[in-house]
Amino acid sequence: MKDRIDQLKTELDALMAVTQEEVEHLRLKYLSKKGLVSVLFDDFKTVPAEKKREVGQLLNELKNKAQQKIDDLKLQFDQHAETTATGMDLTRPADDLDPGTRHPLSIVRNRIIEIFGRIGYTVADGPEIEDDWHNFSALNFTPDHPARDMQDTFFIARDPDILLRTHTSSVQIRTMESTKPPIRMIFPGRVFRNEAISARAHCIFHQVEGLYIDKNVSFVDLKQTLMYFAKEMFGEQTQIRLRPSYFPFTEPSGEMDVSCLICGGSGCNICKHTGWVEILGCGMVDPNALENCGIDSKIYTGFAFGMGIERITMLKYQIKDLRLFFENDVRFLNQFTGAF
Ligand code: PHE
């Protein structure tokens with residue numbers, strides 16, 4: 001009997017409870033009529049008379065200890081108690097939780113998705129590790145085409161057919177291969193080019209490209225869509241300008257400038273005193289690119305455009321060094337608290 005009492009005492013010392021239900025469970029286990037402690041009182045009758053005094057005292061100690069332990073455990077859940085049996089103070093105010101901020105590139109990407117979403121564009125995604133067909137050949141880059149050099153590609157040494165995509169135009173190809181027109185989609189994603197890292201370039205950056213294919217899509221639709229985007233992104237007063245350019249997968253091709261946000265067009269450092277800043281490449285999808293994906297270029301026409309999210313973000317927030325996007329310095333990131 002004495003051994004049993006000692007054993008229960010040690011057990012009681014180790015008791016813990018995380019919820020009020022657990023405390024109640026323990027109370028029943030030890031102190032209810034059929035509880036482990038109470039049962040010993042029944043057995044007490046069998047203790048020889050000469051030991052009754054000693055064992056009775058130990059038994060009472062055990063009962064008090066059990067009661068005290070249960071009371072202590074209960075205290076944990078008493079909201080007025082400052083410290084609990086386990087030494088935890090549940091009334092202490094919690095430590096400040098820093099809510100964090102969205103990365104500026106995510107803010108701008110989401111904004112671009114939202115702006116195009118309003119005119120019916122949905123979002124599609126594709127692999128970052130691509131094959132030559134989807135990144136180049138289907139886009140009308142011939143094998144020795146000098147435009148391949150424009151993109152400074154990372155190839156996989158063991159298999160030059162595999163590369164890191166240099167633009168998300170590869171997702172346009174995948175979409176055209178698998179979807180019947182009309183197609184109205186944008187393709188945000190990470191792209192890779194073998195460039196030295198500087199304030200104005202990085203070997204990893206982000207793009208959003210767009211594609212609209214249907215019957216009777218014309219350059220007018222392209223221009224109107226991009227004007228809508230520029231005004232939504234940079235403000236109603238924004239002007240656009242299209243300059244002729246070259247991409248293998250669009251004909252005709254253009255580059256779009258927006259009037260400088262800083263000086264409004266009168267000339268400053270940001271726009272290098274031209275009043276304009278370049279933000280994207282665009283054009284009418286080359287019939288060869290459509291045919292490569294099984295779309296009949298006699299029935300369908302379309303336009304495509306592509307922009308760098310870093311560039312748009314730098315303009316919008318007047319960020320002068322592209323490396324800031326990748327360093328994850330909280331002093332930089334914290335400045336975007338509460339941004340949309
Ligand atoms: N893919 C081009 C680039 O990364 C951008 C672009 C997309 C141009 C669609 C025209 C049309 O430079």
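Only one of the numbered conditions (1) open to solvent by 80 Å² or more (accessible area, probe 1.4 Å); (2) in a helix (DSSP H, G or I) is not met by residue 62, and that is (1).
With a requirement of 1 or more residues that are closer than 20 Å to residue 197 by Cβ, the helices (runs of 4 or more DSSP H) lying completely within region 285-340 that satisfy it span 309-317, 324-327, 330-333.
Okay, residues lined up against (1) open to solvent by less than 50 Å² (accessible area, probe 1.4 Å); (2) without any contact (Cβ under 8 Å) to a residue 60 or more places away in the chain; (3) within 16 Å of the ligand (Cβ to nearest atom):
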| position | (1), (2), (3) |
| --- | --- |
| 117 | yes, yes, no |
| 126 | yes, no, yes |
| 133 | no, yes, yes |
| 138 | yes, no, yes |
| 143 | no, yes, no |
| 146 | no, yes, yes |
| 149 | no, yes, yes |
| 152 | no, yes, yes |
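Tell me which residues, restricted to region 274-284, are touching a Ser or Thr at 6+ places or on another chain (Cβ under 9 Å) and either open to solvent by less than 60 Å² (accessible area, probe 1.4 Å) or part of a loop (DSSP other than H, G, I, E, B) (or both). Answer for region 274-284, where residues must be touching a Ser or Thr at 6+ places or on another chain (Cβ under 9 Å) and either open to solvent by less than 60 Å² (accessible area, probe 1.4 Å) or part of a loop (DSSP other than H, G, I, E, B) (or both): 275, 277, 281, 282, 283, 284.
Here the condition is being open to solvent by 30 Å² or more (accessible area, probe 1.4 Å), free of Cβ contacts under 8 Å to residues at least 24 places away in the same chain, over 17 Å from residue 109 (Cα atoms) and in contact with an Asp or Glu (Cβ under 6 Å, 6 or more places away or on another chain); of 266, 297, 245, it holds for 297 alone.
Against the condition away from the ligand (no atom under 16 Å from the Cβ), in the same structural domain as residue 173 (by TED's automatic domain parsing) and modelled with pLDDT of 95 or more, how does residue 256 come out, does it pass? In short, no. For region 5-28, a residue qualifies if it is small (Gly, Ala, Ser) and open to solvent by 70 Å² or more (accessible area, probe 1.4 Å), and exactly one does: 14.
Quick check on residue 112: is it in contact with a Pro (Cβ under 8 Å, 6 or more places away or on another chain), under 30 Å from residue 333 (Cβ atoms), outside any loop (DSSP other than H, G, I, E, B) and in contact (Cβ under 8 Å) with a residue 60 or more places away in the chain? Please lay out each step first, then the result.
Working: in contact with a Pro (Cβ under 8 Å, 6 or more places away or on another chain): yes; under 30 Å from residue 333 (Cβ atoms): yes; outside any loop (DSSP other than H, G, I, E, B): yes; in contact (Cβ under 8 Å) with a residue 60 or more places away in the chain: yes.
Judged against the criteria, residue 112 is a match.
Restricting 9, 45 to those that are of a type in the set (Lys, Arg), in a helix (DSSP H, G or I) and in contact with an Asp or Glu (Cβ under 9 Å, 6 or more places away or on another chain) reduces the list to 9. When region 209-228 is examined, which residues are found to be part of a strand (DSSP E or B) and either within 19 Å of residue 276 (Cβ to Cβ) or acidic (Asp, Glu) (or both)? 209, 214 - these are the residues of region 209-228 that are part of a strand (DSSP E or B) and either within 19 Å of residue 276 (Cβ to Cβ) or acidic (Asp, Glu) (or both). Exactly one residue out of 280, 315 is within 31 Å of the chain's Cα centre (by Cα), away from the ligand (no atom under 16 Å from the Cβ) and assigned by TED's automatic domain parsing to the domain that holds residue 215, and it is 315. The condition of being open to solvent by 20 Å² or more (accessible area, probe 1.4 Å) and assigned to a loop (DSSP other than H, G, I, E, B) holds for only one of 202, 167, that being 202.
When you check residue 168 against the structure, is it within 15 Å of the ligand (Cβ to nearest atom), in contact with a Pro (Cβ under 8 Å, 6 or more places away or on another chain), under 16 Å from residue 207 (Cα atoms) and assigned by TED's automatic domain parsing to the domain that holds residue 204, yes or no? Yes; evaluated as a whole, the condition is true for this residue. Filtering region 29-42 to residues that are under 18 Å from residue 10 (Cα atoms) and open to solvent by 70 Å² or more (accessible area, probe 1.4 Å) leaves only 29.
Candidates are the residues of region 229-252 that are under 33 Å from the mean Cα position of the chain (by Cα), assigned to a strand (DSSP E or B) and within 11 Å of the ligand (Cβ to nearest atom); the one that is modelled with the lowest pLDDT is 247.
The values are calculated or read from the model by the stated rules, or taken from the named source; none is laboratory data. The structure displayed is predicted, hence computed values, not measured ones. Every residue, glycine as well, gets a Cβ built from its backbone with ideal geometry; the counts of neighbours run over all protein chains shown. Surface accessibility is based on the protein's heavy atoms, side chains included, excluding ligands, DNA and RNA. Shrake-Rupley method; radii C 1.70, N 1.55, O 1.52, S 1.80 Å.
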